[in-house]
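To keep things clear, I will list the structure first and then write my remarks on it.
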Amino acid sequence: MKKILLFLFVAVIAASCSKKNPKIILTLKADSEIPVDISDNLQEIRLEPNAEGKYEYEFKNNDYLISWLFIGNWPFQFYVEKDHDLEVTVEIGLDEKGNINLVNLASISPYYEKTNQYLFKYGRSTSLISSNEDFAMKEMDFYKNGQKIIKNFQANLEKQDLPVNFKTLEKEKIKHDILGPLSDHELGYKYLNKIKFEDYQISEEYKDLLISNFTDSEIVTGIMHNYWMSLSIFLEKALKIQGETIEENFQLRVEQCKKMFKNPKLLERIIFCEFVHYLSYDISKPTEEILNLTKVIKNKDLKKRLNNLLDQKNKIKKGKKAFNFTCKDINGKEYKLSDFKGKVVVIDLWATWCKPCMEVLPYFIEKQKQYSTRPVHFITLSVDKNEEAWKKKVKKMGLDKNSFIAIGSNNIMKAFGLSGIPATIIIDKDGHILDGHAKKANDPLFDTELNSYLQ
């Protein structure tokens with residue numbers, strides 16, 4: 001009997017100590033389809049609506065954190081902590097061009113109302129120095145001005161009736177948001193004071209002062225997106241770390257971070273963010289030397305995500321057989337990628353709600369005309385889920401020819417390892433990938449790349 005009671009006691013204690021990972025559950029009210037991405041340790045993850053039309057994401061690595069949602073072209077900061085899911089309804093208004101011009105927090109979980117209303121009001125303003133003219137100050141005056149801004153924001157924070165955990169994170173976020181522009185002082189100072197680039201650089205004393213301001217503690221893993229963005233500016237602008245290749249640049253940045261940070265849990269998050277940033281470039285496959293630098297990452301979730309990122313990269317490796325997707329034209333006739341064999345295929349992935357896509361599309365249409373006598377197919381492939389919106393846009397732009405909508409757009413995005421659009425993919429005449437991250441039609445190097453494949 002004693003053993004049973006002891007077992008029950010231990011089970012109750014274990015259950016009470018176990019904490020549930022927080023989720024954000026978003027309901028989006030908008031007149032048209034809008035993409036939703038979430039930032040988790042810098043990695044931007046595209047969310048898809050569930051059967052109820054809601055967007056859900058679970059955070060696994062922090063007891064409490066402040067992160068970002070990207071609703072179309074509108075960034076939205078939010079706060080979550082373990083044992084409490086955040087349910088939020090956001091109303092979106094669009095102008096005639098499809099840009100967001102109205103955002104309203106229609107409802108928030110009562111537990112999070114104060115914290116997230118605070119972020120909605122103040123969250124994006126701390127990334128700014130008072131005015132651009134402040135950059136004309138001498139470095140130490142500029143630094144003192146930045147510290148004054150930090151104190152003012154933190155003083156306002158202290159007046160608010162908000163949870164201690166949130167205030168702790170927000171104080172760190174305020175400090176590190178200001179470290180970004182403080183790190184970029186040199187360029188603004190030269191420009192505003194009309195000083196030649198070679199005649200001025202920030203002092204070693206100023207650099208050391210900035211380094212001392214970066215918190216070396218696990219606490220800042222709860223603001224990883226903001227923290228890394230400021231750190232990245234510091235490495236690039238203040239320390240001027242710039243390798244001759246993408247690989248060398250990654251190595252130099254990691255080496256500097258190892259010197260700056262001794263907390264192992266923070267360091268592995270920073271290196272994970274650096275690796276996500278590194279993979280965003282057009283690279284075929286990381287070298288063993290690069291992969292060895294990621295071995296400092298011990299967190300199981302981060303390791304799993306790192307491997308998934310590598311798998312995605314491998315999907316678009318040059319020479320691999322391309323995913324034989326299915327699509328249909330405006331009349332409903334279905335095609336497969338294999339139906340276009342015999343010629344090089346250039347695919348422009350887009351959607352009606354994607355503003356950057358609208359900037360690329362006219363150039364793509366011109367390229368289609370320019371190469372009409374060459375052995376190449378130009379295909380605009382929409383990943384819209386709203387077929388009627390796609391048809392309407394296609395007719396309006398006169399894209400009836402060689403314009404298709406994907407059947408199973410999620411499968412296409414995953415198969416090509418894509419997290420966002422616009423994207424351009426070039427396939428050879430036998431259906432193998434030539435470039436999974438090709439230059440877009442509005443890039444000056446587009447013709448050079450395409451012609452290299454048509455020779």
Seminar exercise, completed: For the chain the mean separation of alpha carbon contacts under 8 Å (6+ apart) over residue count, i.e. relative contact order in percent, is 12
Seminar exercise, completed: Cα-Cα longer than 29 Å, checked against Lys237/Lys265; Lys285/Lys391; Lys341/Lys440, kept in input order, equals Lys285/Lys391
Exercise. So for region 180-264, what percent of the C-alpha to C-alpha distances run longer than 22 Å?
Worked result: 31
Exercise. Can you list the residues of region 203-223 with backbone N under 15 Å from a point 7 Å past the Cα of Lys148, pointing along Cα to Cβ?
Worked result: none
Exercise. Under a point-charge model restricted to the Cβ atoms of Lys and Arg (+1) and Asp and Glu (-1), what is the dipole moment magnitude of the chain relative to its Cα centre, in debye to the nearest 20?
Worked result: 1080
For this session: For the chain, compute Rh as the Kirkwood radius over C-alpha pairs and then the Stokes-Einstein diffusion coefficient at 10 °C and 1.306 mPa s; write the answer in µm²/s, rounded to an integer.
Result: 64
Exercise. Under a 5 Å amide H to amide H cut-off, with H placed in plane at 1.01 Å, what residues pair with Leu47 once short-range neighbours are removed?
Worked result: Val36, Asp37, Ile38
Exercise. Nearest-5 percent of antiparallel DSSP beta bridges in the chain?
Worked result: 75
Problem set entry | Sorted by Cβ density within 10 Å, fewest first, the residues Thr448, Thr326, Thr352 | Thr448, Thr326, Thr352
Exercise. By counting other Cβ atoms within 10 Å of each Cβ, how are Asp177, Asp339 ranked from fewest to most?
Worked result: Asp339, Asp177
Exercise. Going by a ≥ b ≥ c, the root eigenvalues of the Cα gyration tensor, does region 326-454 fall in the rounded group (a/c under 1.5), the prolate group (a/b larger than b/c) or the oblate group?
Worked result: rounded
Exercise. Over region 125-315, what is the relative contact order in whole percent, taking alpha-carbon pairs under 8 Å and six or more residues apart?
Worked result: 19
Exercise. Mind checking which aspartates and glutamates have their C-alpha under 12 Å from Lys20, skipping anything on the same chain fewer than 8 residues away?
Worked result: Glu58, Asp63, Glu81, Asp83, Asp85
Exercise. Magnitude of the Cβ-charge dipole of region 326-454, K/R +1 and D/E -1, about the Cα centre, nearest 20 debye?
Worked result: 340
Exercise. Taking Lys439 as the anchor, which aspartates and glutamates have their alpha carbon closer than 18 Å to its alpha carbon, excluding any fewer than eight residues away along the same chain?
Worked result: Asp282, Asp348, Glu359, Glu366, Asp428, Asp447, Glu449
Seminar exercise, completed: Dividing the mean separation of Cα pairs under 8 Å (6+ apart) by the residue count of region 21-114 yields a relative contact order in percent of 32
Seminar exercise, completed: The base-10 log of I(q)/I(0) that the Debye equation returns for region 21-114 at q = 0.12 Å⁻¹, one scatterer per C-alpha, is -0.36
Seminar exercise, completed: Within region 133-160, the residues whose backbone N lies under 18 Å from a label point placed 7 Å from the Cα of Tyr191 along the Cα-to-Cβ direction are 133-139, 142-143
Exercise. Where in the chain are the DSSP H helices whose alpha-carbon span along the long axis reaches 18 Å or more and whose Kyte-Doolittle mean is at least -0.5?
Worked result: 2-17, 164-183, 264-279
Exercise. Long-range amide H contacts for Thr326: which residues qualify at under 5 Å (H placed 1.01 Å from N, peptide plane, sequence gap of 5 or more or a different chain)?
Worked result: Ile407
Seminar exercise, completed: Ranked from fewest to most other Cβ atoms within 10 Å of their own Cβ, Tyr278, Tyr335 fall in the order Tyr335, Tyr278
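Each reported figure results from applying straightforward, stated rules to the coordinates on display, with no laboratory input. Being a predicted model, the structure only gives us computed values, none of them experimental. Neighbour counts run over all protein chains shown; Cβ positions are idealised from the backbone, glycine included.
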